[in-house]
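*Asks:* This is the structure I want to talk about, given as structure tokens.
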Amino acid sequence: MMEKEKLIEVKDVQISFGSGRKKFVAVDHVNFDIYKGETFSLVGESGSGKTTIGRAILRINPTSAGDILFKGQKINGKISKKLDREVIRKIQMIFQDPQASLNERAKVDYIISEGLYNFKLYKDNRDKTRKVQEALKGVGLLPEFASRFPHEFSGGQRQRIGIARALIMDPEFVVADEPISALDVSIRAQVLNLLNRLKAEKGLTYLFIAHDLSVVKYISDRIAVIYEGRIVELAETEELFAHPLHPYTKALLSAIPIPDPVYEKQKKLLVYDPSMHDYSVDQPAWIEIKEGHFVYGNKAEIEGYRKELE
Amino acid sequence: MENKDIILSAKDVEIEFSLRGKKLKAIRKCSLDIYRGETLAIVGESGSGKSVFTKSFIGMLDSNGYITNGEIMCDGRDIAKFKTEKEWRTLRGKKISMVMQDPMTSLNPLKKIGVQIKEAIELHRGVKGAEAKDIAIEMLRKVGIPEPERRYNQYPHEFSGGMRQRVVIAIAVSCNPEILICDEPTTALDVTIQAQILDLIRKLKEELNMTVIYITHDLGVVANVADRVAVMYAGQIVEYGLAEEIFFDAWHPYTWALLSALPQLGEKGEELEAIEGTPPNLFVEIKGDAFAPRNKRALAIDFVKEPPFFDITETHKAKTWYLDPRCPKFERPSNIVNYREIIRRKVY
Ligand SMILES: Nc1ncnc2c1ncn2[C@@H]1O[C@H](COP(=O)(O)OP(=O)(O)OP(=O)(O)O)[C@@H](O)[C@H]1O
Ligand SMILES: Nc1ncnc2c1ncn2[C@@H]1O[C@H](COP(=O)(O)OP(=O)(O)OP(=O)(O)O)[C@@H](O)[C@H]1O
Ligand code: SF4
Ligand SMILES: [Mg+2]
Ligand SMILES: [Mg+2]
């Protein structure tokens, strides 16, 4: 197999909020690489730290330990102005809360073109207008919307404004935090097709964060499952769905709602109880149990997972 | 069918927004009966008016929005005619309560989470102080927030997106409403918490004989919660029926498009079936069937005349000329006819 180029490397990262007695470690010992041109998804509990990790890659959240590399260069902590600018331009984020992330007093036109303006990424005003209109069309919005304000849109329309704003920058890496959650199925299909097309045409790479596992299954090359700030399992999509090992992953997959009312109303959920792990003596580690398939567990658990895989 | 008790009845409702001198018609002659104790899911295109329509049931339309036609009957009163906040306050909370789509806007960023829940409880349950605080902490626990005592004292920005969402749900159900409107209440939640919330809503519904209107884009969730489903497009309901009827025997071409676009029906590496084109411009009068310009199999009449509702069964109706006896013979798309089988094959 060809050696894949690592675009993002997250190495033993810790992110905490507050300090002293109020210090709260949101994310700890997080390790993963994202290869150029792939869609890497983070799924897991609400509040487990997905957004926090995404924001750390964008340098919005500072890290308290570990390193984050972009094309081999360290981008967390103190970095040069030049690199900072490069990161701001080449790494874009589609934010989870479109309401909170759009400037309510600015028109859509301004919101979408702000980044272009900051980096002078257009020839003249004509070119800028054209780019904004293309970006709107790309996410299924009418070009006329450019002259309206965010609060005049429905939830899904606002979310797409956020997507247009990120994609117009022509980024190399996009953190897409719940980019499709407020979208109806058809627009969702349109946006997913758009993300996939940009990936195929421009080699765009994604960190995709979503709760809708049917979407994650469709779009991702690899998936990491996170629970309480720690990644508990990581594998290629097909492998993860076929052979989930960690009990949290199993619970998660069992909870995916299936669009069949007869099936759905009688299905059984697997419930995950974190107290099932006894890590007092036999300590857990991050193990590659099979090529490309990682799981977090202690010796006894890993033994059990090995048996399951046979 | 047994005679059902209608708890809320909207008839021919029209809602307009005025935008810098122009009129945008968001809801066009929309009618809907809601039965006591049922869970009705509303699905549909983004921008089709799901939030606007249901917000009009609790008087929460944005200030530039007006009900310009129709009536909304609830408790023998036409609430579409309500003018003052005072009138709305007789209804909001105890009778109808709503979980809004954007959790950040329904929470006060400067107030502690717990205090916001406590205040809702004090307002509607007639308890005060420490007792209200205990109920608030209990509500946080019920919606699955770990360490509720510690979390009680935090501010909204210290919560993750999904946790904020659960707080909003806690506030809405702490009023024990008869009708609970949930607008995308679980989109920011992981599926295990989502399953928990759906269970919670189901339990509350049974305990309190609550009626639930559930707006979501997730058809999996619809399958999970809904007794009935209404499908909206461009400010109108275009099809409604029992959940099984909508999933397994859809008739409106927009409903077909909705089901066909599901990622569960998609093949990795291949494009999903998106609907071409854009939704209609709501600033201008819509002629014929609003979906016709995007429907590859539209009939000539679709562009001229708006279809009425046709009965498929006593509970299932769709607003499409395909159901007119004069409509030429045609086959529905194969993935709709075989929907159930395809889903079974692909996902179980
Ligand atoms: N600014 C902050 N101050 C204090 N705590 C924070 C802050 N931002 C996030 N947290 C905490 O960090 C943890 C992780 O939050 P994060 O937003 O990353 O979760 P998430 O996995 O994205 O969840 P969701 O799926 O609900 O969006 C949560 O416990 C949250 O309360
Ligand atoms: N305050 C407002 N001023 C002007 N237009 C508005 C306003 N609020 C909503 N609209 C318009 O009304 C229409 C219906 O909006 P609504 O929020 O009900 O959509 P929705 O079906 O809930 O969509 P989504 O699934 O994206 O939340 C949209 O076209 C929207 O742009
Ligand atoms: S949720 Fe309850 S407290 Fe909040 S506004 Fe509605 S009725 Fe009042
Ligand atoms: Mg998040
Ligand atoms: Mg809405």
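The values are calculated or read from the model by the stated rules, or taken from the named source; none is laboratory data. Keep in mind it's a predicted model, so treat the numbers as computed, not measured. All Cβ positions, glycine included, derive from the backbone under ideal geometry; neighbour counts span all protein chains shown. Heads up: the accessible areas ignore ligands, DNA and RNA and are worked out on the full protein's heavy atoms, side chains in. Shrake-Rupley method; radii C 1.70, N 1.55, O 1.52, S 1.80 Å.
*Asks:* Taking H as built 1.01 Å from N, whose amide H comes closer than 5 Å to the amide H of A:L7, not counting residues under 5 places away?
*Replies:* Excluding prolines and chain starts, which carry no amide H, the hits are A:I34, A:Y35, A:K36.
*Asks:* Excluding same-chain residues fewer than 8 positions from A:K131, which lysines have a Cα within less than 16 Å of its Cα?
*Replies:* Leaving aside lysines fewer than 8 places away in the same chain, those within reach of A:K131 are A:K107, A:K120, A:K123.
*Asks:* Write down the percent of antiparallel bridges among all DSSP beta bridges whose residues are both part of the protein assembly as shown, to the nearest 5. Kindly include the intermediate steps, with their values, before the conclusion.
*Replies:* Working: 57 of 94 bridges.
Taking every DSSP beta bridge with both residues in the protein assembly as shown, the antiparallel ones total about 60 percent.
*Asks:* Quick one: go through segment B:1-37 and flag any residue whose amide nitrogen is under 14 Å from the point 7 Å out along the Cα-to-Cβ line of B:D227.
*Replies:* B:1-8, B:33-37, by backbone N distance to the label point.
*Asks:* So for the protein assembly as shown, Kirkwood radius off the Cα pairs, Stokes-Einstein at 25 °C and 0.890 mPa s: how many µm² s⁻¹? Don't jump to the answer; show the numbers that get you there.
*Replies:* Values: Rh = 26.0 Å.
Stokes-Einstein gives a translational diffusion coefficient of 95 µm²/s.
*Asks:* In straight Cα distance, which lysines are under 18 Å from B:K268, not counting same-chain residues fewer than 8 positions off?
*Replies:* Correct list for B:K268: A:K199, A:K217, B:K346.
*Asks:* For chain B, what is the convex hull volume of its Cα atoms per residue in Å³? Write out the running numbers ahead of the final one.
*Replies:* Values: hull volume 57.0 nm³, N = 348.
Convex hull volume per residue, Cα atoms: 164 Å³.
*Asks:* Separate question: Over its Cα atoms, what ratio of radius of gyration to 2.2 N^0.38 Å does segment A:1-153 give? Let's see the in-between values first.
*Replies:* Details: Rg = 18.3 Å, N = 153, 2.2 N^0.38 = 14.9 Å.
It is 1.23.
*Asks:* Further, regarding this structure: Using a basic spin-label model with each label point 7 Å from the Cα along Cα→Cβ, how many nm lie between A:Y117 and B:N153?
*Replies:* Result: 4.3 nm between the two label points.
*Asks:* Please list, in chain and number order, the residues 5+ apart from B:A230 or on another chain whose amide H is under 5 Å from its amide H, with Hs placed from the backbone.
*Replies:* B:A41, B:I42, B:V43
*Asks:* Before rounding to the nearest 500, sum -39500 (n - 2.57) across all DSSP H runs of length at least 4 in the protein assembly as shown and divide by the residue total; then give [θ] at 222 nm in deg cm²/dmol. Don't jump to the answer; show the numbers that get you there.
*Replies:* Details: 25 runs with 226 residues, N = 658.
After summing the helix terms and dividing by the residues of the protein assembly as shown, the value is -9500 deg cm²/dmol.
*Asks:* Give me the dipole magnitude in Debye, nearest 20, for the protein assembly as shown about the Cα centre, with unit charges on the beta carbon: positive for Lys and Arg, negative for Asp and Glu. Working shown, then result.
*Replies:* Numbers: 96 positive and 94 negative charges, 455 e Å.
Using only the charged Cβ atoms, the result is roughly 2180 debye.
*Asks:* Taking every pair of Cα atoms in segment A:151-273, average 1/r, invert it to obtain the Kirkwood radius, and report Rg/Rh to two decimals. Could the numbers behind the result be given before it?
*Replies:* Details: Rg = 16.1 Å, Rh = 16.1 Å.
Result for segment A:151-273 is an Rg/Rh of 1.00.
*Asks:* Assign unit charges at the C-beta atoms only (+1 for Lys and Arg, -1 for Asp and Glu), then state the dipole size of chain A relative to its Cα centre in Debye, rounded to the nearest 20. Spell out each step's value before the answer.
*Replies:* Working: 46 positive and 44 negative charges, 311 e Å.
Its charge dipole is roughly 1500 debye.
*Asks:* Another question about this same structure. List the lysines whose alpha-carbon lies under 17 Å from that of B:K11, not counting same-chain residues fewer than 8 positions away?
*Replies:* Answer for B:K11, where 17 Å is the Cα cut-off: B:K25, B:K29, B:K50, B:K55, B:K81, B:K317, B:K319, listed by chain and number.
*Asks:* To test your reading of the geometry: what angle, between 0 and 90 degrees and rounded to tens, separates the Cα axis of helix B:161-173 from the longest principal axis of chain B?
*Replies:* Orientation of helix B:161-173: about 80 degrees from the principal axis.
*Asks:* Rank B:G76, B:F17, B:F53 by how far each Cα sits towards the positive end of the charge dipole of segment B:14-81 (+1 on Lys, Arg Cβ; -1 on Asp, Glu Cβ) and give me just the farthest.
*Replies:* Going by the charge dipole, the pick is B:F17.
*Asks:* Averaged over peptide A:39-46, how many Cβ atoms belonging to another chain are found within 10 Å of each residue's Cβ?
*Replies:* Working: counts 0, 0, 0, 0, 2, 3, 9, 18.
Partner Cβ neighbours, averaged per residue: 4.
*Asks:* Hey, another quick one. Does anything in segment A:209-249 have its amide N under 12 Å from the 7 Å Cα→Cβ label point of A:H277, and if so which residues?
*Replies:* A:226-233, A:246-249
*Asks:* For chains A and B, what's the summed buried accessible area, probe 1.4 Å, to the nearest 100 square angstrom? Walk me through the intermediate numbers first.
*Replies:* Numbers: alone 16170 and 17170 Å², together 28500 Å².
Approximately 4800 Å², summed over both chains.
*Asks:* Roughly how big is segment B:106-176's charge dipole about its Cα centre, with Cβ charges of +1 (Lys, Arg) and -1 (Asp, Glu), in debye to the nearest 20?
*Replies:* Working: 12 positive and 8 negative charges, 21 e Å.
Approximately 100 debye in magnitude.
*Asks:* Right, something else. When the convex hull of the C-alpha atoms of segment B:106-176 is computed, what volume per residue in Å³ does it have? Kindly include the intermediate steps, with their values, before the conclusion.
*Replies:* Numbers: hull volume 5.3 nm³, N = 71.
Value for segment B:106-176: 74 Å³ per residue.
*Asks:* Okay, moving on. Starting from the 7 Å offset along Cα-to-Cβ, what nm value, one decimal, do you get for the label separation of B:N281 and B:K29?
*Replies:* Placing both labels 7 Å beyond Cα along the Cβ direction yields 2.3 nm.
*Asks:* Pull up all non-local amide H partners of B:T68: gap of 5 or more, or a different chain, and H-to-H distance under 5 Å with H placed in the peptide plane.
*Replies:* Answer set, sorted by chain and number: B:E14, B:I15, B:E16.
*Asks:* Something else about it: Residue separation times 0.36 nm, minus the C-alpha to C-alpha distance between A:K22 and A:E303: what's the value? Could the numbers behind the result be given before it?
*Replies:* On the way: separation 281, 0.36 × 281 = 101.16 nm, distance 3.81 nm.
Gain on extension, A:K22 to A:E303, equals 97.4 nm.
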